[in-house]
Amino acid sequence: MMARIPADVAQRGLAGMSGEQMKIDVEQNEASVVLTPHGEIDLSSSPELRESLLSALRGNPSKLIVNLCKTPYMDSSGVATLVEAMQKAMRSQTKLVLCGMEDKVRSIFEIARLDAVFTIVDDTDAAQTV
Amino acid sequence: MSQSSAKPDGIHLRLEMLSQPRYLSGARELVAAVAKRLGFTEQACGQIALAIDEALCNVMCHGYGRDPNGVIWLSIEPLGGHAPDNGATGIKVVIEDEAKQIDPAKIKSRDLDDVRPGGLGVHIIHEVMDSVCFQKRETKGMRLSLEKRIDDDGADSGGCCTEGACGHER
């Protein structure tokens, strides 16, 4: 099932002031959910990613894949969002996998020394097999 | 701008913005574009933009407590020469605000072994930039001065504090 949905508008803090919605593709099958955010993830857009991640985790999938191939930029608010999701996923026995990272995005995980904390693979095919 | 007409304060470009996340993208793209013209590599430009983004986020979230009406000034100047035909040796970015003042010595990155959401901004800034100096402004608010030098290959020159009295640790 493939559905392209705009993430719910998160009105926490200043997020709702951006005037733009981040598009996040949601692909769901029996065992996993794949989220593909489109666009830059910063303080303006990370609340929308957070809403989508939490929504996906509420379905208790065995695996949640975040495909970052359409994400050219991420700051620490995006990383914090993913850390929060990873911790929630661990508590609910969901495996969180990141894939499709551009070098520019990967570098922030390396700077924050989180590249070894997350499961990071090249693409969605690899993510399905880990 | 000729060398003789360079402004006494050294600032070549100054941006005034409200403390709203929707302006982060424009601010970091501006800094990245200037850094590119000064001779930084694409990778270094991206990292400088990230550091500026993190610094602005800190002002918005912690300085102004997410008040969208706060004012932030972002100033850019090249290091190593003010004339347009002089090769720059780096970039200096100064971020000023009128938010609450805090002791610069207390602005430190957290323990990265404690994996939790948030608190990475100061670490990233220190990791990317060569010089990081937090100061209280004379009247109100804070001033953050950031410098990054261009290596011979235009790449990241690593980071170390060149400001001795900043009250911060790397």
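Structural remarks
- Residue satisfying condition, being without any contact (Cβ under 8 Å) to a residue 40 or more places away in the chain and either buried (at least 22 other Cβ atoms within 10 Å of the Cβ) or farther than 20 Å from B:ALA27 by Cα (or both), within set B:LYS108, B:LYS136: B:LYS136
- Residue satisfying condition, being at pLDDT 95 or above, closer than 20 Å to A:SER77 by Cα and within 13 Å of the chain's Cα centre (by Cα), within set B:ASP53, B:ASP130: B:ASP53
- Residue that is nearest to A:ALA116 (Cα to Cα) [pool: residues in segment B:84-124 that are part of a helix (DSSP H, G or I) and more than 10 Å from chain A (Cβ to nearest Cβ)]: B:LYS106
- Positions within segment A:37-64 being touching a residue at least 40 places away in the same chain (Cβ under 8 Å) and among the hydroxyl-bearing types (Ser, Thr, Tyr), in sequence order: A:SER52, A:SER55
The values are calculated or read from the model by the stated rules, or taken from the named source; none is laboratory data. Remember, it's a predicted structure, so these values are computed and weren't measured experimentally. Heads up, the Cβs are rebuilt from the backbone with ideal geometry, glycines too, and the neighbour counts pull from every protein chain shown.
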